[in-house]
Every structure is written in structure tokens, then in C-alpha cells.
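No lab work stands behind these numbers, since they all come straight from the coordinates. Since this is a predicted model, take the numbers as computed values, not measurements. Ideal geometry is used to build each Cβ from the backbone, glycine not excepted, and the neighbour counts take in all protein chains shown.
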Amino acid sequence: MQRAALIGCGAMSRAWFEAAKTIDGLEIVGVADIDAERAASRAAEFGLDDAVLATSIEELLEKASPEILFDVVVPGARHHVVSAALAAGCHVLSEKPMANSLDEARDLVARAKAADRLHVVIQNRRYLEGPRRIRRAVAAGLIGDVTSLHCDFFLGPHFGGFREEMEHVLLLDMAIHTFDAARFLAGKQPEGVYCREWEPKSSWYKQGSSAAAIFEFGDGVIFNYRGSWCAEGLGTSWESAWRIVGTKGSLTWDGHDDIRAEVATGASAGLFSEVAAVEIPPLDPADRTGGHLGLIQDFVAATRGGSEPETVGHQNIRSLAMVFGAIESATGGRRVDINI
């Protein structure tokens, strides 16, 4: 039986507990939060009567002696929590973002390598069926070589609370999901970005609710992002609406269940080439899905000798670099190189 502990018992933790309780051979032996009552309440909710309750990472590690740490703390506390857990010999699965800065992220990558432990980030959107099917289709050359990706993200959520007071709220709090998806779907890595943020007069956010960015990926691939968190009406999916253009044709995804592709047939129809619809391959049984659950399953399997999860820190830092590169570009009004 593997011993696991969770720190950070806010709203997001419920999904982690729900997923963890379904995994055979995994026992939650510790629960921690700076609010002792919140930790106790969450432990009681999931019937963890024998779990250690703690108010700090140090107390949790000392009293529970976990092999695995589920890190659901606020981003500002992540570096301290993950560093302590790695030093104690834990494998760590963290909520996004991986770190509060690129320097902190680089340090965590180095610490995980030195400790010979996994530090993985829960980019759970990769584990949805749509991205899995699209990635397989692109990798198989269904639309040829990818030349560009375009996505729209337009919603108008009234969160209240800290998000409405954040700076760079869209880029920091949401866009990493979309940026990580772009890396995954294209199979390419970011090299540079130009970004512009703005605040529409109808906005109820402090700063950064709307942004547009052009990313340069390897092999000349361009990723074009347009997004807003104060766009009411005709909202997109939380996964965005996508168009991927290739050398043979194009693929679109509405962010829900509608995935379509057309490729040129080679015949001419006058001004335009003739095109034909092509089938998107079904989900491969080997592809893990399930959002949080799928990623947690992959993580736990890796701690038991399985393959390294694709969102491991030394890979996920590239998605984080896209976020901070976009913020630097928007702040400075210039193109920014993305370096890891």
C-alpha cells in the first residue's frame, strides 16, 4: 500500500480526493491546510478518520511519512511545499501553475532531478478525449504537417473574489491550459511570443481580462491565441474553439464533441482545390483519459515503475514559459524569446 498525503484543502481538493479514492493500493495517510478546521472537514468528508491532520508541510511530512504528496496549495506556497516534499523523498503531483516564476520552476526541475523523484503538474485538460484524438490524428499526418494553430477563448464568468483583483488574470489563471494544449496538439515547442493585453470598458476585472498572442513554435509553426474573460454571449467552450491548418488540409474542434477535418483531393475546382471530409481516428484504447483521474492514474503508475508522465516538470515548464513570456511581452510591448 502506497502512503499519500494531500496539502491544500480548498475547493479544488475535492476532485483530487475523489480521484485518489478510486486508485487501488493508494492510502491517504495525511491531510494538511493552514486552516486546521478546513483540513479536518475535508478528511471527515472522505472518511479519512485515521489520517494525520496538519497545518504545515513540515508537520505533515514528519507525522504522516508519505511516499506521495498531492500539492493543491496556492501558487505562492508551491515552491516551498514541493521543495520540502522532494527533500523528504516524496514524488509530487502539483496543481497548476508549476511555480510562481520561471526561476522557481527551474529550481524545482533541478531539485526533482537531484532527488530522483517525480514532480508532475496536473494539466488535466490533456486528458480529455478531444485533445487525445486530435493529437493522434495530427501525429498520423491526417492533415499533413501542421503550419498554424488558431484558438478562440471567449467567456464571461463572474467569479468574484481574488480573480477579479488579479493582474494578468486571463494569462495567469486560465491561458496555461490553452497554451499547454497548443504544445500538445502541435507536437512543437515555443520559441517566441508577441502579446497584447487590454481591459474592455465593460470589464469587471482589475487587469488583464483580455489578450491576444502570436507564438512562434519550432519548424515555423505559428500559434494564434485570442481570449477574453469578460465576453458575454456566444461563449466558447472552456477548452476554446480551435482550427489547425496543415499542408494537406485543416481540422477544427469546437471544444466540445465536434471534431472535423477536410483535406485537398489534388483535383482543381477552379479558384479553389477540391476538398473532402476525412474521418478523425477514434480514441485509442491505450490513450489515458478522464481529466484529473487520468492524470493521477498516470502519475501513480509512474511512481510504481511506469513511464514518465507527459506533464512532468521538465516538460511542463515550457507551458509555464509561454505564460510568463506572454506577460513580459504584453508589459513591455515587444516580442519576447521563450527560453527554458
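In the chain, what percentage of the DSSP-assigned beta bridges are antiparallel, given to the nearest 5?
If we restrict to bridges inside the chain, about 60 percent are antiparallel.
Which of the aspartates and glutamates could a cross-linker bridge to residue 206, judged by Cα under 13 Å and excluding same-chain residues fewer than eight apart?
Reachable aspartates and glutamates: 164, 165, 167, 197.
Cut-off 19 Å, label point 7 angstrom out along Cα-to-Cβ of residue 335: give me the residues of the stretch 142-157 whose amide nitrogen falls inside.
Inside the label zone: 147-150.
List residues of the stretch 88-132, by number, whose backbone nitrogen lies under 14 Å from a label position 7 Å along Cα→C-beta of residue 3.
The answer is 88-91, whose backbone nitrogens lie closer than 14 Å to the label point.
Among 127, 244, 174, whose Cα lies farthest out toward the positive end of the dipole of the chain, if unit charges sit on the beta carbon of Lys, Arg (+1) and Asp, Glu (-1)?
Value computed over the given set: 244.
With Cβ to Cβ distances under 14 Å as the rule, what net charge do the other residues near residue 191 carry (K, R +1; D, E -1)?
Within the 14 Å Cβ shell, the charges total +1.
In whole Å, what is the distance between the alpha-carbon centres of the stretch 266-323 and the stretch 125-175?
Their Cα centres are 12 Å away from one another.
When a footprinting reagent is the concern and you count Cβ atoms within 10 Å, what order do 259, 296, 28 take, fewest first?
Sorted ascending by nearby Cβ count, the order is 259, 28, 296.
Summing -39500 (n - 2.57) over the DSSP H runs of n ≥ 4 in the chain and dividing by its residue number, what mean residue ellipticity at 222 nm do you reach, to the nearest 500 deg cm²/dmol?
-10000 deg cm²/dmol
Using only Cα atoms, find the angle between the long axis of helix 313-332 and the longest principal axis of the chain, and express it within 0 to 90 degrees, rounded to the nearest 10.
Between helix and principal axis, roughly 70 degrees.
If I take R0 = 51 Å and measure r between the Cβ atoms of residue 58 and residue 260 in this structure, what FRET efficiency does the formula 1/(1 + (r/R0)^6) give, to the nearest 0.05?
Between residue 58 and residue 260 the formula returns 0.45.
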